[in-house]
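Bear in mind that the values in this text are calculations on the coordinates, not laboratory data. Everything numeric here is computed off the predicted structure, so don't read it as measured data. Quick reminder, even Gly has a Cβ in these numbers, built from the backbone with ideal geometry, and neighbours come from all protein chains shown.
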Amino acid sequence: MANVYYSKNQENFLLKIKEEIKDNFKNCNKIAIKIHFGEPGNKTAFKPEDIKPITDILNELNINFFLFDSPVKYNSLRDNPDSYKNFAIKKGWGRLGEIRTNDEHIDVKGENLTYEVCKELIDADAVLVISHVKGHVCTGFGGAIKNLGMGALTKKTKGDIHYGGEPVLVGECTQCGACERACPLGTLKVKDKPVFGICYGCSNCVYACPNSVLKTRVNYFDFLLAEGAAVAQSKFKKAYYVSFLKNITQLCDCESDPGEIIANDYGFLASPDGVAIDMAAHGIILKNEGEDVFLKYNKKSGTEQVKAAEKFGMGQSKYNLMEL
Ligand code: SF4
Ligand code: SF4
């Protein structure tokens, strides 16, 4: 069972983080901080001042680091290394340290796909994965697994995961409408059979079909994302995870408008285990909110990816919550 450290108090949390960094990053000369710099226009994604207390600790301990994210597949300032880096610098991230946003990679073969894992993360002595916990249109919930299962992979692999989760009709449709009701985009319409409009490949419609006549092109989105995160982590020399339960929006930081805040702020988590930290974040939010806000707003709870990541060997879903 993995330890997950939890506090609502930032000062207590930072004291623990300092101890954990000292213990876990001994003899590390260069740390990659895997972070999402936020889509232009998004007001609830991380800001440099959120992360500065952690980079201050690294500076105090004389640990070199750089901040890293990979380019995205869709049309955005974040879709190529140069414009993404310039955008991040303009947003003030350069004040914290060096920014890297390139797409150099090595191929890692998984059960479902060959994943292009970003070389900057593989080459670093350790990866500090700092995640903003929030909702996500494809996975319901997004935390550490999402941070690596998209953000540690190239734009090509991001596209392969979305494509791989798309539905294909393989049998006789009874026009029951379950798939239409499950589509978070509202773009799937059932006529004499399902007609797929704009599709992000979330696989919700495939899960929902009671007659199993919808199949994914490759596998469920949650499985592909989880496998991507697991194969990336397997190539890191070391990893440690920090998650912020703050500004929990319906949608993710890749959206310029991530929708409404769907839960209160619940503090900070840290763990050497990327699966345990997501399970703990999910559990804390649901327990305190008294309902599954991810299922309510995004039509998927989010534990599908967590269980899949455990199956792919990324970590353990059972955790020991240590309140600081
Ligand atoms: S996979 Fe299915 S539910 Fe998801 S966006 Fe595409 S059509 Fe809609
Ligand atoms: S859920 Fe399956 S059977 Fe029902 S309308 Fe959709 S494809 Fe047809």
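A few notes on this one:
- Condition met for Tyr266 (more than 16 Å from ligand 1 (Cβ to nearest atom), of a type in the set (Ser, Thr, Tyr) and either buried (at least 18 other Cβ atoms within 10 Å of the Cβ) or on the phi > 0 side of the Ramachandran plot (or both)): yes
- For the range 169-211, filtering for residues that are in contact with a Ser or Thr (Cβ under 8 Å, 6 or more places away or on another chain) and more than 10 Å from ligand 1 (Cβ to nearest atom) leaves 2.
- Test: residue in the range 221-230 that is in a strand (DSSP E or B), away from ligand 2 (no atom under 13 Å from the Cβ) and out of contact with any His (no Cβ under 6 Å at 6 or more places or on another chain): no
- Evaluated against (1) touching a residue at least 24 places away in the same chain (Cβ under 8 Å); (2) more than 9 Å from ligand 1 (Cβ to nearest atom), Glu166 falls short on exactly one condition, (2).
- Residue within the range 172-184 that is acidic (Asp, Glu) and in a helix (DSSP H, G or I) present: yes
- In the set (1) over 18 Å from Thr216 (Cβ atoms); (2) more than 16 Å from ligand 2 (Cβ to nearest atom); (3) touching a residue at least 40 places away in the same chain (Cβ under 8 Å); (4) surrounded by fewer than 22 Cβ atoms within 10 Å (Cβ to Cβ), the condition left unmet by Tyr200 is number (1).
- Failed item, numbered, when Cys205 is tested on (1) touching a strand residue (DSSP E or B) at 6+ places or on another chain (Cβ under 7 Å); (2) in a loop (DSSP other than H, G, I, E, B); (3) closer than 29 Å to Gly177 by Cα: (2)
One line per residue, one yes/no per condition, for (1) touching a Gly at 6+ places or on another chain (Cβ under 7 Å); (2) farther than 27 Å from Tyr319 by Cα; (3) acidic (Asp, Glu):
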{"site": "Ile17", "(1), (2), (3)": "no, no, no"}
{"site": "Asn29", "(1), (2), (3)": "no, yes, no"}
{"site": "Ala32", "(1), (2), (3)": "no, no, no"}
{"site": "Glu49", "(1), (2), (3)": "no, yes, yes"}
{"site": "Lys52", "(1), (2), (3)": "no, yes, no"}
{"site": "Leu58", "(1), (2), (3)": "no, no, no"}
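- Per-region count, the range 179-195, residues surrounded by 14 or more Cβ atoms within 10 Å (Cβ to Cβ) and either near ligand 2 (Cβ under 9 Å from one of its atoms) or among the β-branched types (Val, Ile, Thr) (or both): 7
- Restricting attention to the range 212-247, the residues being more than 30 Å from Tyr266 (Cβ to Cβ) and within 16 Å of ligand 1 (Cβ to nearest atom) number 8.
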